[in-house]
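The block underneath contains the structure these notes are about, expressed in structure tokens.
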Amino acid sequence: MLWMATVLASALAAAAEPAVHYQHAGDMPPGAIGSLQLTRGGPLPGYFQPVEIMAPQGALVSLAAGADFQPPAAGPLGAAMLIGAVYRLKVIHIENHEGQEVYPTIEVIDRLYPPVGQEYRFTIPVDISQEEIELALSGRFVTRVIYLEDPRNPLPIAEQPDEQTCFQVAPGDDPLDVADRLGRPMAILRIGGRLPDADGPDASFLYNSPPWVKFRPVAIERQAVPPPQHAAVVVSDSQRLAAAPSEFDGPSSRRKSKTIISTR
């Protein structure tokens, strides 16, 4: 599972390490970080990383395909996404907000390295929470960074089964920076801001609808992630972001992923 990092956790992590110049930042435009990752080479370009998208109970989610959105469905929604591309989603039937919609984006910035033939058992879980949706509907912009937790630097927090642990960073803190200090950033979820034009979404709004592969998530394997965990809202310098798979990337360990959240 994925986790979210908290302000306290980020402050402690920052205090434990020397100052570093980060070339990536959480407020960079969608697609910028993933594109920089691809320029460094390695087994990233052209790889479809399985992602499992969850939404609040009752809400329906659809993913952009072509010039519009696919028919909405209840989560979990399985979609294998290209590294570096930006995918636009549409969330409707929101509890207490019937008739309103939000249009999050997902940017996958790294991949997992599962055993050959088991790619769809190890997904990056992206949980869209009711709280985040309501913040977006109130005019706020939410950034969630999903990261793979470094087992050598785990957060001292009890984990809840079937729940993605989430932490809020302090105002002014970079969630990407925080996530990088706690593990390896895998994906960025952004909610709020831009809406489609009255006559429908255009190619720019849909980020040209990059290709994706639909799959059915395996419920009993929702633990996903071969090794460490994913967290939201954290980015590291280009050298660390592009680092090769480390000892905590193997399929032998299935730790939960975590996330870090920033709201502005």
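The values are calculated or read from the model by the stated rules, or taken from the named source; none is laboratory data. Predicted, not measured: the structure shown is a model, and the values here were computed from it. Cβ sites come from the backbone with ideal geometry, for glycine too, and all protein chains shown count toward neighbours.
What the table shows:
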{"read-out": "Filter result (in a loop (DSSP other than H, G, I, E, B) and in contact with a strand residue (DSSP E or B) (Cβ under 9 Å, 6 or more places away or on another chain)) within the stretch 52-69", "value": "Ala55, Pro56, Ala59, Ala67"}
{"read-out": "Residue in the stretch 195-212 that is farthest from Glu101 (Cα to Cα), counting only those that are surrounded by fewer than 13 Cβ atoms within 10 Å (Cβ to Cβ) and touching a residue at least 60 places away in the same chain (Cβ under 8 Å)", "value": "Pro211"}
{"read-out": "Any hit, the stretch 6-21, residues being surrounded by 20 or more Cβ atoms within 10 Å (Cβ to Cβ), touching a strand residue (DSSP E or B) at 6+ places or on another chain (Cβ under 7 Å), modelled with pLDDT under 75 and hydrophobic (A, V, I, L, M, F, W, C)", "value": "yes"}
{"read-out": "Residue that is surrounded by the fewest Cβ atoms within 10 Å (Cβ to Cβ), among those in the stretch 70-91 that are outside any strand (DSSP E or B) and free of Cβ contacts under 8 Å to residues at least 60 places away in the same chain", "value": "Pro71"}
{"read-out": "Selection count where residues are more than 16 Å from the chain's Cα centre (by Cα) and either at pLDDT 95 or above or part of a loop (DSSP other than H, G, I, E, B) (or both), scope the stretch 92-123", "value": "17"}
